[in-house]
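Reading through the structure tokens given below for one structure.
The values are calculated or read from the model by the stated rules, or taken from the named source; none is laboratory data. Note that the coordinates shown come from a computational prediction; the quantities given were computed from them, not determined experimentally. We place every Cβ from the backbone using ideal geometry, glycine too, and count neighbours over all the protein chains shown. In case anyone asks, the SASA skips ligands and DNA or RNA and just uses the protein heavy atoms, side chains included. Shrake-Rupley method; radii C 1.70, N 1.55, O 1.52, S 1.80 Å.
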Amino acid sequence: MKQAIRAIHIHITGLVQGVGFRPFVYRMAKKNSICGWVENNNEGVQIHAEGNSHHLDAFLADIKACAPPASQIGSINSIPVEPTYFESFSIQKSSNLSDAITHVSPDIAVCAECLADMETQPHRLAYPFINCTNCGPRFTIIKSLPYDRHLTTMQPFAMCETCKEEYTHVLDRRFHAQPVACMHCGPAYQILPTNELISQGDEVAKRIAFEIDKGRIIALKGLGGYHLLCDALDNEAVLRLRLKKNREGKPLAVMVADMDVASTYFHLSPVEKVCLASWQRPIVLLKNKVSLAHTISKGLNTTGVVLPYMPVHFQLFKALKTKAIVLTSGNLSDEPVIISDQEALASFDGLADLVVGYNREIYNRADDSVVMVAGNKQRLIRRSRGYVPSPVTLKLDTEGIFAAGAELSNTFALGKGQQAIISQHIGDLKNGETLHFYEESYGRFASLFRFKPQLAVCDSHPDYLSAQFARNLGVQCIEVQHHHAHIASCMAEHGLNEKVIGIALDGTGYGTDGTIWGGEFFVCDLSGFERKYHFDPVPLPGGDQVTKQPWRTALSYLYKYFGSDLFKMDIPFIRNIDKEQSEFIIQMIDKGINSPVSSGAGRLFDGVSALIGLCHETDYHAEAPMRLEAAIKPGCKGKYLFDLHDGKVVFYKTFYQIIKDLKTQTPINEVSAKFHNTVVTILIKVARLLNKETGLKKIVLSGGTFQNRYLLETTEKLLTDMGFEVYTQSTVPSNDGGIALGQLAIAANLRAMGKNYNA
Ligand code: ZN
Ligand code: ZN
Ligand code: FE
């Protein structure tokens, strides 16, 4: 017996635009004998579906179970409606209903089907700009919404008849794939500066491989900016790249041919494998197993590793002799990654032996994203290509709020509806080029997401350029303490809006007393915080200079706890130190000359790293703590003493015992392990005290120091075992890249409650 026809209206929100969602719905409708229509508008995907109950259930189940890889269903609601008795299923044209939130897909690594098509489709044989609704460039080429080809940098490329047929054929995998292209009509690689166009990826790959295998350096235009490439097994090539790029010690990322090569050179957990292979294709920090060129990670025990994600990368490894190449972002020093061909030619002159671009413009710059796995969870360290501009959903009305972010590793965030749209990694705003990138990106995000600022929020640091930008927007501007924003960022990620214990271990942030903070124990919510405990502050002789010269910080700790007796200590640090310079530094401290006081956890790690001889001076940000972490002796359970006094964590006994260990030549890796265990013990002790005082069980960990895997994993596990509910960051960085989200959550909450900021 034929079942009665029912009709339902389905509304789907989430990341459902530009990811092939409508054709997917069409295919599912055909499969389940559903009639009606599907439409994209600024509120998400709307479906009118008619069929018998059985088919409708199956249709809904398929939508939930088989959605395209890069889509992310936020909510799916269906309500019964009157049937109209449609005779077929159709895809309606995009309509612009309102200014409500619209999602823009991030860029997606080339899919397996497209890679296969490159060997079979006559018009795409070896064609390196192949893509489909499941893969290809998105955010980096989009200029405006709705997501349609003419509003992307594909606009100059008129589709050929074949591509148009695929684009308009609803059952084709390239139906409405906006960047659809083939060798006859699409972009092509370009050897610069001759502008010779090469549309065959294998040709380009051969040219590049020939140079790389000879030990040369190549500049190659990627999805979100240029990369610099060289053989990762060739020490001399790597060294040359480092020197020319002004990156003497900074670890370099490596691209390997495939998962097998990755597991040859690196230790891989199952979760790390999933991260490596994910469509976002981030750089994953992995533990070294077999060494590549020793100049790559320079003494660290981890390397950033990424698998091929553009078609040309796959073609390159077919042509190369080496199975691993350095793939580092094409920029100079701390400037933003280069996206224009002209700039690439000028900047890489004398650095790269070959510059290879392509004739499609990159509109939105995006660095490679970086993740690590800790506690079996993926943790974002740099959130850019593949993740941006996917929103983070809050349980708060964020509409019209602009969050300016921090100063280093900056990102900013816009509030739309209940969402935070976080920008790509911008970088260090003290660099003029980077500040320009910040301002330009704000303009582009505001126009792309139809954002009109009603309220701004920024860091309370008086000199942050991001804060100045926010104050100049012409709307009310709330100033939020840096470490409170770190904790709020983690709270926002987990939808928390209540009183919690917040522990921020961080480098540097401006405190409400005008000193530098960074080892902070708060009781807080999204309206304000109480500073309950903090690390014992030390003077930083030379101010910012100490991050480049952590030995100054070590000296400052010794002087604080042992006075001039420090010179009598029979330890390598004192034996090797320049006496005259040290006395000068001590005079600076005594006279208070350029010696701001800091409770930063980052400085404590710096100091210990320098004291035990791991890092006297640094080549890059956070090198000293990274070396300290790399030195940890696995399984070592020892720890040092410390004191809690007057709301302060005092390290006199810690340093006393470290020095004792150094005098008796205890191996450095044991000292490092004991130091880390000490910090974990401090966190637990203070957490228990605060729990006793307040009854709070929810504990939130954030701040850049929690990028230390050992610290994060051990603390999270021990606190959880004790019955705490522990919240840590994974979808946004715990470093300053996550600050904007925290600022946004605080501002949204204050506005909703009609409260003032309470710090
Ligand atoms: Zn594809
Ligand atoms: Zn074509
Ligand atoms: Fe910070």
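Running Debye on the chain with equal point scatterers at the Cα sites and no solvent, what base-10 log of I(q)/I(0) appears at q = 0.08, 0.10 Å⁻¹?
Debye intensities relative to I(0), on a log10 scale: -0.69, -1.05.
Determine one quarter of the surface area of the Cα convex hull of segment 466-591, which equals its mean projected area, and express it in nm² to one decimal. Intermediate values should be presented prior to the final figure.
Values: hull surface 42.2 nm².
Mean projected area for segment 466-591: 10.6 nm², to one decimal.
Roughly how much of S71 is accessible, in Å² to the nearest 10, using a 1.4 Å probe?
Surface open to solvent at S71 totals about 20 Å².
Taking the Cα centre of each part, how many Å lie between segment 295-330 and segment 25-74?
Here the answer is 40 Å between Cα centres.
Taking the Kirkwood radius as the inverse of the mean 1/r across Cα pairs, report the Rg/Rh of segment 391-480.
Working: Rg = 12.0 Å, Rh = 12.8 Å.
When Rh is taken as the Kirkwood radius, the ratio is 0.94.
Where nothing but the Cβ of Lys and Arg (+1) and of Asp and Glu (-1) is charged, how large is the charge dipole of segment 2-91 around its Cα centre, in debye to the nearest 20?
260 debye
How much accessible area does H294 have with a 1.4 Å probe, in Å² rounded to the nearest 10?
Taking all protein chains as shown, H294 has close to 120 Å².
Hey, if you put +1 on the Cβ of every Lys and Arg and -1 on every Asp and Glu Cβ in the chain, which of S263, A237, A485 ends up farthest toward the positive end of that dipole?
S263
Starting from the alpha-carbon convex hull of segment 100-194, give the projected area averaged over all orientations, in nm². Present the calculation step by step, with values, prior to reporting the outcome.
Details: hull surface 28.1 nm².
With every direction weighted equally, the projected area is 7.0 nm².
How large are Rg and Dmax for segment 582-692 when only the alpha carbon atoms are used, in Å?
Cα only, segment 582-692: 15.1, 45 Å (Rg, Dmax).
Along the charge dipole of segment 536-695, which of L555, T681, I658 sits closest to the positive end, that is, farthest toward it, with unit charges on the beta carbon of Lys, Arg, Asp and Glu (+1, +1, -1, -1)?
The Cα lying farthest towards the positive end belongs to T681.
For Y710, tell me the accessible area in Å² from a 1.4 Å probe, rounded to the nearest 10.
Accessible area, nearest 10 Å²: 60 Å².
Whole Å is fine, so just give me how far the alpha carbon centre of segment 359-403 lies from that of segment 454-500.
A separation of 18 Å, based on Cα centres.
P(r) for segment 2-91, please, calculated from all Cα pair distances in 5 Å bins and given in %.
Using 5 Å bins, I get a P(r) of 3, 16, 29, 28, 15, 7, 2, 0 for segment 2-91.
Restricting to Cα pairs below 8 Å that are 6+ residues apart, what does the relative contact order work out to for segment 20-167? Please round to a whole percent.
Numbers: 176 pairs, mean separation 33.7, N = 148.
The value is 23 percent.
Summarise the accessible area of the chain (1.4 Å probe, protein heavy atoms) by the percent that is carbon and sulfur. Let's see the in-between values first.
Values: 14430 of 28720 Å².
So the carbon and sulfur contribution to the accessible surface is 50 percent.
Hydropathy first: keep DSSP H helices in the chain averaging at least -0.5 on Kyte-Doolittle, then drop any whose Cα extent along the axis falls short of 20 Å, and list what survives.
Length and hydropathy pass: 668-694, 739-753.
Once you wrap a convex hull around the alpha carbon atoms of segment 381-437, what is its projected area averaged over all directions, in nm²? Don't skip to the end; give the middle numbers.
Numbers: hull surface 16.4 nm².
For the Cα atoms of segment 381-437, the hull's average projected area reads 4.1 nm².
Sort the following peptides by mean Cβ neighbour count (other Cβ atoms within 10 Å, averaged over residues), highest first: 360-367, 405-412. Don't skip to the end; give the middle numbers.
Numbers: 360-367: 22.9, 405-412: 25.9.
Result, highest mean first: 405-412, 360-367.
State log₁₀ I(q)/I(0) for segment 509-648 at q = 0.10, 0.15, 0.19 Å⁻¹ as given by the Debye formula over alpha-carbon point scatterers of equal weight, solvent excluded.
For the requested q values the scattering log ratios are -0.36, -0.80, -1.21.
Holding the Cα-Cα limit at 27 Å, pick out from K298/K321; K548/K698; K416/K697; K532/K663; K499/K639 the pairs that are longer than that.
Values: K298/K321 24 Å; K548/K698 36 Å; K416/K697 32 Å; K532/K663 35 Å; K499/K639 31 Å.
Distance filter (> 27 Å) returns K548/K698; K416/K697; K532/K663; K499/K639.
Exactly which trypsin sites (Lys or Arg not before Pro) in segment 544-601 are in a DSSP loop and have at most 12 other Cβ atoms within 10 Å? Mind dumping the intermediate values first?
Numbers: sites: K548, R552, K560, K568, R575, K579, K591; in loops: none.
Nothing satisfies the criteria.
Once you sort the root eigenvalues of the Cα gyration tensor of segment 627-759 as a ≥ b ≥ c, which label holds: rounded (a/c under 1.5), prolate (a/b larger than b/c) or oblate (the other case)? Display every interim value, and only then the final one.
On the way: a/c = 2.26, a/b = 1.83, b/c = 1.23.
Here segment 627-759 falls in the prolate category.
Can you tell me the relative contact order of segment 1-79? Whole percent, Cα pairs under 8 Å, sequence separation 6 or more. Show your work: numbers first, answer last.
Working: 133 pairs, mean separation 38.0, N = 79.
Dividing the mean separation by the residue count of segment 1-79 yields 48 percent.
Only sites in a loop by DSSP and with at most 16 other Cβ atoms within 10 Å count here; which trypsin sites (Lys or Arg not before Pro) in segment 1-83 make the cut? Please report the intermediate quantities before stating the final value.
Values: sites: K2, R6, R27, K30, K31, K64; in loops: K2.
Hits after loop and neighbour filter: K2.
Using a probe radius of 1.4 Å on heavy atoms only, what accessible surface per residue do you get for the chain? Whole Å² is fine. Present the calculation step by step, with values, prior to reporting the outcome.
On the way: 28720 Å² over 759 residues.
About 38 Å² of surface per residue is accessible.
5 Å is the cut-off here: which amide hydrogens, built 1.01 Å from N in the peptide plane, fall below it relative to A293, excluding neighbours closer than 5 in sequence?
Counting only residues 5 or more places away or on other chains, the set is L233, D234.
Using the Cα centre as the reference, give the magnitude of the dipole from point charges on the C-beta atoms of the chain (Lys, Arg: +1; Asp, Glu: -1; all else neutral), rounded to the nearest 20 debye.
Working: 77 positive and 78 negative charges, 274 e Å.
Rounded to the nearest 20 debye, it is 1320 debye.
Provide Y358, Y265 ordered by accessible surface of protein heavy atoms (probe 1.4 Å), highest first. It would help to have the intermediate numbers written out before the result.
On the way: Y358 5, Y265 40 Å².
Accessible-area ranking of Y358, Y265, largest first: Y265, Y358.
Evaluate the relative contact order of the chain (contact order divided by residue number), counting alpha-carbon pairs under 8 angstrom at least 6 apart; express in whole percent. Before the final figure, lay out the partial values.
Details: 1756 pairs, mean separation 85.8, N = 759.
So the answer I get is 11 percent.
Do any trypsin sites (Lys or Arg not before Pro) in segment 651-728 lie in a loop, going by DSSP, with at most 16 other beta-carbon atoms within 10 Å of their beta carbon, and if so which?
Numbers: sites: K653, K660, K663, K674, K685, R688, K692, K697, K698, R709, K717; in loops: K697.
When the trypsin sites (Lys or Arg not before Pro) of segment 651-728 are filtered for loop state and at most 16 Cβ neighbours within 10 Å, K697 remain.
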